[in-house]
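Down below is the structure, laid out as structure tokens.
Just so it is clear, none of the values below were taken in a lab; they were calculated from the coordinates. None of the values given here were measured: they were computed from a predicted structure. FYI the Cβ positions are ideal-geometry reconstructions off the backbone, even for glycines, and counts take in every protein chain you see.
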Amino acid sequence: MKNIVILISGGGSNMAAIVKAAEREHWQDQYGARVAAVLSNKADAKGLVFARERGIATAVLDHKAYDSREAFDAAMITAIDAHQPTLVVLAGFMRILTPGFVAHYAGRLLNIHPSLLPAFPGLHTHRRAIEAGCKFAGATVHQVTAELDHGPILAQAVVPVLPDDDEHTLAARVLTQEHQIYPRAISELLRRL
């Protein structure tokens, strides 16, 4: 079985889109793949409720309970590896990962970023795109490397920046595209594994 472990920090809308696609497209029958677990660094992450309702294993590791980023990442590795993951998918997991964590999952660690990378890595991407006068924005699915918001690009979606957009309206439009390209990119990757 190709197990997918998804990491979240909040509402988990991308995680939910992935889980729904896995169900709708029968990833278990088609690829021998399933979403095995959803982990969060926040106990109040609303996405955990969705996962539990679907019968998906969940776990919470509060990063504040650890003395260092390395200690937290080591605990996350232990929790993730308990599910024997083929892929580890970041879906709104708001933590910068240590090089050791990234190396442990090299080639198996995916992220979605709300910009057309390599433009606007980091935070506040929508505001920065508007302030820069961009005519287009979007989202990027990429493999994670030690450099923040870099790594091989697996998929991108483009949306126009409208004249009356603010960061919230642009973010909402980009998010609808994220929900489409992330499951598609994972499905394509599973097909090749």
**Asked** When region 102-116 is examined, which residues are found to be of a type in the set (Gly, Ala, Ser) and either closer than 21 Å to Ala155 by Cα or part of a loop (DSSP other than H, G, I, E, B) (or both)?
**Response** Ala106, Gly107, Ser115
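Looking at Gly100, Gly11, Gly32, Gly55, can you tell me which residue is in contact with a Gly (Cβ under 9 Å, 6 or more places away or on another chain) and either buried (at least 19 other Cβ atoms within 10 Å of the Cβ) or not hydrophobic (A, V, I, L, M, F, W, C) (or both)? Before the answer, list the steps.
On the way: Gly100 fails: in contact with a Gly (Cβ under 9 Å, 6 or more places away or on another chain); Gly32 fails: in contact with a Gly (Cβ under 9 Å, 6 or more places away or on another chain); Gly55 fails: in contact with a Gly (Cβ under 9 Å, 6 or more places away or on another chain).
Exactly one residue qualifies, and that residue is Gly11.
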**Message:** Looking at Ala155, Ala172, Ala119 in this structure, which one is more than 13 Å from Leu90 (Cβ to Cβ) and part of a loop (DSSP other than H, G, I, E, B)?
**Reply:** Ala119
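Return yes when Ala43 is farther than 29 Å from Val174 by Cα and either crowded, with 17+ Cβ neighbours inside 10 Å or of a type in the set (A, V, I, L, M) (or both) and no when it is not.
When the stated conditions are applied, Ala43 does not pass them.
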**Asked** Do you know which residues across region 78-101 are part of a helix (DSSP H, G or I) and farther than 24 Å from Met1 by Cα?
**Response** Pro99, Gly100
**Request:** Within region 108-129, identify whether any single residue is aromatic (Phe, Trp, Tyr) and under 14 Å from the mean Cα position of the chain (by Cα), and answer yes or no.
**Result:** no
**Item:** Residue among Ala103, Ala75, Ala22 that alone is touching a Leu at 6+ places or on another chain (Cβ under 7 Å) and of a type in the set (A, V, I, L, M)
**Value:** Ala75
**Asked** Which residue pairs have Cβ atoms closer than 6 Å, lie 6 or more positions apart in sequence or on different chains, and pair a first residue in region 52-77 that is more than 14 Å from Ile6 (Cβ to Cβ) and without any contact (Cβ under 8 Å) to a residue 12 or more places away in the chain with a second residue that is surrounded by 14 or more Cβ atoms within 10 Å (Cβ to Cβ) and not charged (D, E, K, R)?
**Response** Tyr66/Phe72
